[in-house]
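The values are calculated or read from the model by the stated rules, or taken from the named source; none is laboratory data. On a predicted model such as this, the values are computed, not experimentally measured, just so you know. All Cβ positions, glycine included, derive from the backbone under ideal geometry; neighbour counts span all protein chains shown. Side chains included, ligands, DNA and RNA excluded: accessible areas come from the protein's heavy atoms. Shrake-Rupley method; radii C 1.70, N 1.55, O 1.52, S 1.80 Å.
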Amino acid sequence: MTKHSYVTTFINGVLKIILLFIFLVPFLWMISTSLQTLEETLTVPPTLIPESLQWGNFLEALSSGPFGTYFRNSIIVTFSIMLIQLIIMIPAAYAFAKYDFFGKKFLFSCILIAFMIPGQVTFIPVYLMMADWDLIYTLWPQILPFMTNAFGIFLLRQYIMQIPDELLDAARLDNSSEWKIIWKIVVPMAKPALATIMLFSFVSHWNDYFWPLIMTNTEEVRPLTIGISMLREVEGIANWHIIMAGNVILVVPILLAYIFSAKYILRAFVYSGIK
């Protein structure tokens, strides 16, 4: 190895450590604070390792409001969106990848435009539409605007385009219908891409704060993110150990989802050539 290679390797290593530090420190700080006493959170300099682990902070956070209702609402909203997106996204991506039809380029351009337009641009018209439909006090305004996933259709189309046409033609020669081809061949082969898209969708909607804040006025329809943010009003702004315990509760499902889908995500990026 030349001197230049040693320097490059050393700089790469240092940059990776700095990047890891930037991402990990706030996360570890949150976990550490959630297990401290109130006195430890107020000491200067800050305490990084709690003297004794305060698991009761999590129980106190959960008893500070109707967290069962918040948790149920988050599950209903997030998984409803993911299910509807799958139902719409898979046939759409398959059609764009494997069929030639009138207006295909125009329609795909519309999908790309929808992908690039910030969601904030449509907030006011969508809010007015939901208000006109008298849905503001239900869970529907948190589900209906996110039924389609332009990024998902784009990524899944790129993935399906790599499936050999000969494989699909062989299935058609065996009198398989297009629906059977989709569910028996395309979906199993596109499992890594689907897992990636669904993880992104899960994280996005599970963590969504701004849209539910606008669209909800009652505890019956509020999701977990709004419930966690209200801990500051219930517990007081100084009780960071309780607030951080609530944030850990919010993050745990995301970590579990990542652990179960990590291997599929790596396969998706390797197979599609995205690195």
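For the range 84-128: of the residues being part of a helix (DSSP H, G or I) and among the hydroxyl-bearing types (Ser, Thr, Tyr), which is most open to solvent (accessible area, probe 1.4 Å)?
Checked the range 84-128; the qualifying residue most open to solvent (accessible area, probe 1.4 Å) is Tyr127.
I'd like to verify a number: residues in the range 232-266 that are at pLDDT 75 or above and not in a helix (DSSP H, G or I), how many?
Within the range 232-266, residues that are at pLDDT 75 or above and not in a helix (DSSP H, G or I) number 1.
Based on what the data block shows, is Thr138 under 29 Å from Ala257 (Cα atoms) and not in a helix (DSSP H, G or I)? Even if it seems obvious, please write down each step before you answer.
Numbers: under 29 Å from Ala257 (Cα atoms): yes; not in a helix (DSSP H, G or I): yes.
Yes: the conditions hold for Thr138.
Within the range 152-186, count every residue that is surrounded by 16 or more Cβ atoms within 10 Å (Cβ to Cβ) and of a type in the set (A, V, I, L, M, F, W, C).
Residues in the range 152-186 being surrounded by 16 or more Cβ atoms within 10 Å (Cβ to Cβ) and of a type in the set (A, V, I, L, M, F, W, C): 12 in total.
Can you tell me which residues in the range 129-146 are open to solvent by 50 Å² or more (accessible area, probe 1.4 Å) and farther than 20 Å from Tyr209 by Cβ? I'd like the intermediate steps shown before the answer.
Step one: filter the range 129-146 for residues open to solvent by 50 Å² or more (accessible area, probe 1.4 Å), giving 129, 132-134, 137, 140.
Once the filter is applied, which keeps residues that are open to solvent by 50 Å² or more (accessible area, probe 1.4 Å) and farther than 20 Å from Tyr209 by Cβ, the range 129-146 yields Met129, Asp132, Trp133, Asp134.
Please determine whether any residue of the range 190-203 is of a type outside the set (Ser, Thr, Tyr), open to solvent by 20 Å² or more (accessible area, probe 1.4 Å), closer than 23 Å to Asp134 by Cα and touching a Ser or Thr at 6+ places or on another chain (Cβ under 8 Å).
no
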